[in-house]
Amino acid sequence: MFSTSRLKSKLPHVGTTIFTKMSRLAEEQQAINLAQGFPEFHCSPELQKLADKYIRSGKNQYAPMAGVMSLREAISKKTWEASGHEYHPETEITITSGATEALYVAVSTIVHPGDEIIVFEPAYDSYVPAIELNGGVPVFVTLDPQYESVNWAAVASAITERTVAIMINTPHNPTGNVWTETDMRQLAALAEQHNLYVISDEVYEHIVFDGRRHISAASIPALAERTFLCGSFGKTFHTTGWKLGYCLAPAALTAEFRKIHQFLVFSVVTPFQFAVAEYLNEPAHYLTLSAFYQQKRDLFLNAIEGIGFISKPSQGTFFQNVSYENLSDENDVTLAERLTKEAKVASIPVSAFYANPAGYQTLRFCFAKSDETILSAAEKLRKVVW
Ligand code: PMP
Ligand code: GLN
């Protein structure tokens with residue numbers, strides 16, 4: 001009989017993700033799920049038709065390892081138009097199973113045991129396990145969830161001779177902050193000075209508010225030459241379930257990246273790659289997204305006004321953080337559970353994005369929902385007894 005006593009966890013501190021936990025609780029409680037970040041709406045009928053067309057026309061076998069060429073070409077064109085940097089479809093663009101795979105493979109490509117990677121907290125939950133599974137050591141620079149700007153002096157002092165990379169995310173989940181050009185130039189200066197790689201998670205690149213511009217690592221040459229830029233169509237086209245993402249990186253970095261990608265998944269879902277490639281021909285399909293979500297952010301903020309939350313309007317992403325420090329002393333995990341059970345509205349406790357939760361009393365709400373859902377959730381939150 002096999003004894004599980006020999007089973008030694010590679011991720012002893014990791015349990016089920018907070019997204020799964022809160023979605024499960026929301027379902028159990030029949031609560032409105034503003035927790036896990038996914039759009040409530042369908043992807044466009046045109047994109048559905050394209051997917052259907054390519055499934056029916058037989059594009060159902062393995063795609064090339066690096067991805068369908070028409071999709072790589074479309075990404076190259078789109079990135080060039082947005083950033084002025086040209087990634088070569090043959091050697092610098094790889095289609096991945098969501099940004100999650102791109103991020104994992106990027107980390108795996110560069111991290112050797114004992115290497116340090118600088119991670120900003122609050123951090124998306126896949127970063128640290130990816131680093132640890134590869135024998136790396138995350139070094140945290142902690143940011144207040146309502147922060148205004150990055151403390152670059154703290155970043156500089158976190159760099160040691162073991163540091164190989166800095167991992168960034170703009171627009172940022174969960175704070176909704178968008179890095180400025182000054183931030184990106186500070187990053188470039190430090191990365192150049194210490195010869196570091198950058199892993200740039202830009203999955204919310206098309207969701208920025210109030211006239212801001214997303215400053216991609218691709219747009220700054222000193223960053224582009226050292227960056228693994230990870231993107232996803234899940235957020236952009238309301239297709240999180242398609243798990244279609246990509247990694248853009250200079251040819252030498254991409255060659256090493258692909259060595260791992262080919263043995264992790266080999267290639268990713270073929271008909272959807274063709275469909276997205278064709279859909280990308282019309283830039284309005286992604287350039288209208290910021291206005292669409294800005295209206296949702298404003299609707300949510302207006303609807304929760306007067307409850308007593310403190311909230312700095314999100315600058316990008318489809319998340320709004322709110323501080324409840326004026327309303328309750330409860331910790332955020334307890335409160336998120338209570339609100340799911342009593343108010344029937346699920347949210348994410350922001351402490352889940354910290355290795356060492358610092359006691360910020362902040363919840364994250366996802367507003368990628370219909371207007372009715374947003375208004376109904378706000379109505380329920382209004383009735384909470386604090
Ligand atoms: N990075 C961030 C910041 C995210 O919020 C997400 C998903 N919500 C991902 C990466 C993963 O993207 P994908 O679903 O394409 O794997
Ligand atoms: N990225 C989504 C969020 O932040 C969740 C994705 C997941 O469930 N892994 O809510």
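The values are calculated or read from the model by the stated rules, or taken from the named source; none is laboratory data. These numbers were taken from a predicted model, which means no experiment stands behind them. Cβ coordinates were reconstructed from backbone atoms using ideal geometry, including for glycine residues, and neighbour counts include every protein chain displayed. What goes into the accessible areas is simple: the full protein's heavy atoms, side chains included, and nothing from ligands, DNA or RNA. Shrake-Rupley method; radii C 1.70, N 1.55, O 1.52, S 1.80 Å.
In whole percent, what relative contact order does the stretch 252-351 give with Cα contacts below 8 Å and a gap of six or more residues?
Dividing the mean separation by the residue count of the stretch 252-351 yields 13 percent.
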Response to the item:
What the 20 Å binned alpha carbon P(r) of the chain shows, as percent of pairs per bin from 0, is 28, 58, 14, 0
Response to the item:
Given 30-39, 335-344, the highest-first ranking by average Cβ count within 10 Å works out to 30-39, 335-344
Response to the item:
Rounded to the nearest Å, the spacing of the alpha-carbon centers of the stretch 49-71 and the stretch 247-323 is 22 Å
Item to complete: Answer with one residue from Ala368, Phe38, Ile55: the one whose Cα lies farthest towards the positive end of the charge dipole of the chain, charges on Cβ with Lys, Arg +1 and Asp, Glu -1.
Response: Ile55
Worksheet entry | Charge dipole (debye, nearest 20) of the chain; +1 at Cβ of Lys and Arg, -1 at Cβ of Asp and Glu | 960 debye
Item to complete: For Leu327 paired with Thr182, estimate the spin-label separation in nm (one decimal), with each label point 7 Å from Cα along the Cα-to-Cβ line.
Response: 3.3 nm
Worksheet entry | Under 15 Å, Cβ to Cβ, from His194 - net charge with Lys/Arg +1 and Asp/Glu -1 | -3
Fill in: Solvent accessible area, Å² - Thr240, 1.4 Å probe, full protein context
50 Å²
Worksheet item: How many Lys pairs in the stretch 252-386 lie less than 18 angstrom apart by Cα atoms, where the lysines are 8 or more positions apart or on different chains?
Response: 9
Practice prompt. For the stretch 148-201 and the stretch 343-386, compute the distance between their C-alpha centroids and round to whole Å.
Written response: 28 Å
Discussion item. Students often check this: by mean Cβ neighbours within 10 Å, which of 5-17, 303-315 ranks highest, and how do the rest follow?
Written reply: 303-315, 5-17
Worksheet item: Picking from Lys296, Lys77, Lys53, which is most flexible by a Gaussian network model of the chain using Cα springs under 10 Å?
Response: Lys53
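If a/c stays under 1.5 just call it rounded; otherwise compare a/b with b/c (prolate if a/b is bigger, oblate if not). Do that for the stretch 175-240, with a ≥ b ≥ c from the square roots of the Cα gyration tensor eigenvalues.
Values: a/c = 2.72, a/b = 1.59, b/c = 1.71.
Oblate, since a/c reaches 1.5 and b/c is not below a/b.
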Response to the item:
Yeah, the stretch 178-328 with a ≥ b ≥ c from its alpha-carbon gyration tensor (a/c under 1.5 is rounded, else prolate when a/b outruns b/c, oblate otherwise) is oblate
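Give me the accessible area per residue for the chain, probe 1.4 Å, as a whole number in Å².
About 44 Å² of surface per residue is accessible.
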Worksheet, complete the sentence: antiparallel share of DSSP beta bridges within the chain, to nearest 5, in %, is 45 percent
Discussion item. For a test of the definition: using alpha carbon positions, the gyration tensor, and the 1.5 limit on a/c, classify the stretch 1-118 as rounded, prolate or oblate.
Written reply: oblate
Response to the item:
Taking Lys and Arg as +1 and Asp and Glu as -1, residues besides Ala66 with C-beta under 9 Å from its C-beta add up to +1
Worksheet item: How would Met1, Met184, Met69 rank on accessible area, largest to smallest, probe 1.4 Å?
Response: Met1, Met69, Met184
Practice prompt. Would you work out what percent of the accessible area of the chain, with all protein chains in place, is carbon or sulfur (probe 1.4 Å)?
Written response: 52 percent
Fill in: Theoretical gain in end-to-end length, Ala252 to Glu28 [0.36 nm per residue, Cα-Cα removed]
75.8 nm
Discussion item. So if each residue of separation counts as 0.36 nm, and I subtract the Cα-Cα distance between Gln193 and Thr91, what length gain in nm does that give?
Written reply: 34.0 nm
Worksheet entry | Hits among aspartates and glutamates - C-alpha to C-alpha of Lys10 under 20 Å, sequence gap 8 or more where chains match | Glu101, Asp115, Glu116, Asp125, Glu132
Worksheet item: Within the stretch 30-74, whose backbone N sits under 19 Å from a point 7 Å along Cα→Cβ of Asn281?
Response: 44-59, 68-74
